[in-house]
Amino acid sequence: MKKTTFSFLLISVIAMSGAAFMPSARGIGPADAGLDLVSYFADLFDGDYAIGTQYNAGVDGYGLAASRSVSGSPAFTPYKRAPLDIEGQMQITPVLAPTQAEDAIIDLIERASNKLYIEQMYIYETLNDVLLAIIAARGAGVDVRIIQDDGSYDHNNISATILEAHGIPVRRMVQNSGIGAPFDTMHNKGIVVDGTVAFVASINWSPTSMRNNREAGVIIESASVAGYYEDLFLYDWGKAVDFVPTTSYPDPAPSSSHYFSPTTYSGSFDVTCLAAPDNCFDEVSTALAGAQTSIWMSAYVLSSPFIIDVLYERLAAGVDVRLLLEKYPVSTSERDYNRWAMANLTTIGASQGSGGTNYASGRWASATFTYQHCKYAIVDGKTLIISSGNYAQTSCPKPQADGDVDGNRDWWFVIRGSSAGLSGDTPGAGPVFIVLCASFAALVVAAHARKKVHS
């Protein structure tokens, strides 16, 4: 065999060997549905963070800390089901606003063939196509039930009146109703379809949330996951009070056709189903406390002092903490809370002993969006925490010492990517390996060429 032929084969073998060791495009091991999903949200965070504006303590201020008082209602009768960890084959579809949300929600409603359960803080009657999709589902014989918050929202009253006129029962979670209504606010933004699909998101059902805000959620196709939230819904349904219309309103007119083009991840997932106020805090704080390299959090409000404690501890351990928060929440107190979190984590920082001080990075969300209303966090690039609730004592409440707990009704997910093959993998190691191997092969070729010239 000629030496040049041997050299070519050597290059080919080494290059193919390098390809065999090359990690996926994310640089974190072989293809994995959970990691692909987490990577999707990491890319979302990267993009939104890049267009955000830097927190400036001198200009933005230091804000005010939220209270550390942990209190519960003596009348609170929570849903006594522990968090449910489910591992198995699923399909998970991210849903974003403003690009996909309205179409995705309409598409999900239209998929219902026997049951459609909606638990939503409020519903605007101006979301014409959403209301029409719900009405059409009821007309097709679907068991449609809706729970709303009992706040004095005119839009809720109008939409509930329209839906009730079509035989769709609407109930309200009334505070102090004498029947043990447990929540500060019905803050959820969830749907369960046919007992097989669950949707959890930050997306309120208003034109602003769907069309102008940055929002995020997931559709999970799993009977086990959906069953957990269907049970929760039915528990809340039993605690809610019937809405009784006092007037009438005309049906909405259709406004436009819709088309939802999703990115769906199929494969094996590890999902933990959670509910606030019942069982949220321990799981979420534990997931954050387990961070070894990074915590990236995109949140409308970060006010829970107990969650901030966890971030501080991880910051002191050298973890890369990045915050993307809304600069101007509707509530002025929440504005102060966000500034407090920013100031403490990014300006004061956490002492690392002899290692100096570690600082978080913090940005305000881009004014491109009316509000940055997301509620998700990414831990070590491998775990996604996503919910309808803020990182607040109301939406992720720490229990009292006696175990009592009180707060909003919110649904939460913790979704983990596989850890297989992650230890020892270095982003970009595959391409670097190929370059080194190819370089070595090139040297071999050059050596053979020199020998041939000198012979």
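Yes/no per residue for (1) buried (at least 22 other Cβ atoms within 10 Å of the Cβ); (2) basic (Lys, Arg):
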position	(1), (2)
Val192	yes, no
Thr196	no, no
Arg211	no, yes
Glu215	yes, no
Val225	yes, no
Inset, instruction - Would you check if there is a residue in segment 347-357 being in a helix (DSSP H, G or I), more than 19 Å from Ser395 (Cα to Cα) and among the hydroxyl-bearing types (Ser, Thr, Tyr)? - result: yes
Legend entry - Selection within segment 309-340 - over 18 Å from Ser366 (Cα atoms), in contact (Cβ under 8 Å) with a residue 24 or more places away in the chain and either part of a helix (DSSP H, G or I) or not assigned by TED's automatic domain parsing to the domain that holds Asn56 (or both): Val310, Leu311, Tyr312, Glu313, Arg314, Leu315, Ala316, Ser333, Asp336, Tyr337, Trp340
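With respect to Glu110, determine if the residue is assigned to a loop (DSSP other than H, G, I, E, B) and either free of Cβ contacts under 8 Å to residues at least 12 places away in the same chain or within 22 Å of Ile203 (Cα to Cα) (or both).
Here the answer is no, as Glu110 does not meet what is asked.
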Legend entry - Count of segment 212-238 residues which are in a loop (DSSP other than H, G, I, E, B) and under 16 Å from the mean Cα position of the chain (by Cα): 1
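Quick check, is Asp107 under 23 Å from the mean Cα position of the chain (by Cα), over 24 Å from Cys280 (Cβ atoms), among the acidic types (Asp, Glu) and surrounded by fewer than 21 Cβ atoms within 10 Å (Cβ to Cβ)?
Working: under 23 Å from the mean Cα position of the chain (by Cα): yes; over 24 Å from Cys280 (Cβ atoms): yes; among the acidic types (Asp, Glu): yes; surrounded by fewer than 21 Cβ atoms within 10 Å (Cβ to Cβ): yes.
Yes.
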Legend entry - Matching residues, segment 249-274, being surrounded by 10 or more Cβ atoms within 10 Å (Cβ to Cβ), out of contact with any strand residue (DSSP E or B) (no Cβ under 8 Å at 6 or more places or on another chain) and hydroxyl-bearing (Ser, Thr, Tyr): Tyr249, Ser255
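Are any residues in segment 293-308 polar (S, T, N, Q), part of a loop (DSSP other than H, G, I, E, B) and either without any contact (Cβ under 8 Å) to a residue 24 or more places away in the chain or crowded, with 24+ Cβ neighbours inside 10 Å (or both), and if so, which ones?
Pass one, segment 293-308, residues polar (S, T, N, Q): 293-294, 298, 303-304.
Then drop every residue that is not part of a loop (DSSP other than H, G, I, E, B), which leaves 293, 303-304.
Scanning segment 293-308 gives Ser303, Ser304.
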Inset, instruction - Would you mention how many residues in segment 131-173 are of a type in the set (Gly, Ala, Ser) and assigned to a loop (DSSP other than H, G, I, E, B)? - result: 6
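The values are calculated or read from the model by the stated rules, or taken from the named source; none is laboratory data. This one's a predicted model, so the numbers in the text were calculated from it and none came from an experiment. Note that each Cβ is placed from the backbone with ideal geometry, even for glycine, and that neighbours are counted across all protein chains shown.
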